[in-house]
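Q: Dropping the structure in here first, questions after.
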Amino acid sequence: GRVTVVGAGNVGMIAAMRLAESDVIDEVVLVDIAGQRAAGIALDIAHASPLLGFATRVRGVNTLAEAGPSDYVVITAGKARTPGMSRTDLVDTNAAIVGALAADAALISPDAVLLIVTNPLDEMTEHAWRTSGFPTSRVIGMAGVLDSSRFRALTASRAGVHPREVSAVALGSHGAEMVMPLSQATVSGRPVTEALSGAQVDALVDRARNSGAEVVGLLKSGSAFFTPGLAAARMVLSMIDETGEVQAATVAPHGEYGIDAGYVGLPVRLGRRGLDEIVEVPLTDAERRELRTAADRIAERVSALSA
Ligand code: NAI
């Protein structure tokens, strides 16, 4: 099969690298409008094939048409934040880019699964769904895998355990309304709220929620890309490999968690054809309310976008 990654910038190149390295895809194609950038990055990745031991072909082109029909199209194209910017500041510029790309992808790859990475993530995912005309099950956003990984990394370091010992799933929106259900978060199989103090846990949730801005502030130019790129690749690989793992993704619920419109981050199982199932985990009433608030805020921002 073929996976196309649109945007050969920081996030796209890391995603493409990881996808190629997995050696389970026939061809990974990078698409970027900027000159020969995609071709250059693709060649550089291909040169690593003997070192990393993969046979995946890697190609770089300027348009989705040149990429050809793809099973998965990952959209990372657009502007990233600079210091002081919120993700929402990117909305108009990136909506034009993502809308055009989603429409193109629908023509060239009518059966593809679209994985949206471009920010503001929640709005861009819904926008891509509308412009593609695809069923919601085939337009999914990447945010929760990244936000969960950030929380788990920070928590593991605080608790002094291996990162694999921490499980957690970040839901809601990618930004201020990220919901971290502590009822689902564990450290070495114990509730996180028993392993650490309430103040410690609150600080970890806040830091995870603001990790994107923290990295932007340190880098000065550009935003986080290693974990975002790896998270996007991981989602694609989980679909190809049909791992059936429960992970957080930005999807369109039809009544699950009492939400029946728009996109929001929820626990899901993905399959080869996109969203298989939204998984109902036992959240507390307060956590469910937070989720619904996040969904409402996203819906408000989406309606401002289409106005
Ligand atoms: P970047 O600036 O390094 O790369 C973006 C690339 O997109 C550039 O190479 C640019 O030439 C290309 N591009 C722009 N318009 C295009 C078009 N119409 N067709 C093809 N390529 C086009 O930015 P970076 O750091 O890779 O970030 C990409 C996006 O991902 C940003 O919107 C960023 O905010 C978002 N992001 C989302 C995350 C998430 O959790 N969902 C996490 C990190 C970043």
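Q: Specify which of the listed residues (Gly68, Gly78, Gly35, Gly53) is free of Cβ contacts under 8 Å to residues at least 12 places away in the same chain and either touching a Phe, Trp or Tyr at 6+ places or on another chain (Cβ under 7 Å) or on the phi > 0 side of the Ramachandran plot (or both).
A: Of the residues listed, the single one that is free of Cβ contacts under 8 Å to residues at least 12 places away in the same chain and either touching a Phe, Trp or Tyr at 6+ places or on another chain (Cβ under 7 Å) or on the phi > 0 side of the Ramachandran plot (or both) is Gly35.
Q: Then there is this: Starting from residues that are within 15 Å of the chain's Cα centre (by Cα) and of a type in the set (Asp, Glu), keep the ones in segment 98-131 and report whichever is farthest from Gly212 (Cα to Cα).
A: Glu126
Q: Mind checking which residues of segment 165-203 are farther than 18 Å from Gln247 by Cα, part of a helix (DSSP H, G or I) and not β-branched (Val, Ile, Thr)?
A: Glu194, Ala195, Gly198, Ala199, Gln200, Asp202, Ala203
Q: Further question: State which residue is nearest to the ligand (Cβ to nearest atom) when the search covers only segment 107-140 and only residues that are free of Cβ contacts under 8 Å to residues at least 60 places away in the same chain and of a type in the set (Ser, Thr, Tyr).
A: Restricting to residues being free of Cβ contacts under 8 Å to residues at least 60 places away in the same chain and of a type in the set (Ser, Thr, Tyr), the top hit is Thr131.
Q: In addition: Evaluate segment 146-164: report whether one residue or more is open to solvent by less than 30 Å² (accessible area, probe 1.4 Å), of a type in the set (Asp, Glu), in a helix (DSSP H, G or I) and touching a Leu at 6+ places or on another chain (Cβ under 6 Å).
A: No; the residues of segment 146-164 include none that is open to solvent by less than 30 Å² (accessible area, probe 1.4 Å), of a type in the set (Asp, Glu), in a helix (DSSP H, G or I) and touching a Leu at 6+ places or on another chain (Cβ under 6 Å).
Q: Hey, can you tell me all the residues within segment 165-216 that are over 28 Å from Thr82 (Cα atoms), touching a helix residue (DSSP H, G or I) at 6+ places or on another chain (Cβ under 8 Å) and of a type in the set (D, E, K, R)?
A: Across segment 165-216, the qualifying residue is only Glu165.
Q: Moving to a separate point now. Which residue pairs have Cβ atoms under 8 Å apart, sit 6 or more places apart or on different chains, and have a first residue in segment 251-269 that is acidic (Asp, Glu) and a second that is open to solvent by 30 Å² or more (accessible area, probe 1.4 Å) and assigned to a loop (DSSP other than H, G, I, E, B)?
A: From residues that are acidic (Asp, Glu), the pairs are Glu256/Glu280; Asp260/His254.
The values are calculated or read from the model by the stated rules, or taken from the named source; none is laboratory data. The structure displayed is predicted, hence computed values, not measured ones. FYI the Cβ positions are ideal-geometry reconstructions off the backbone, even for glycines, and counts take in every protein chain you see. Ligands, DNA and RNA are excluded from the accessible area calculation, which covers all protein heavy atoms including side chains. Shrake-Rupley method; radii C 1.70, N 1.55, O 1.52, S 1.80 Å.
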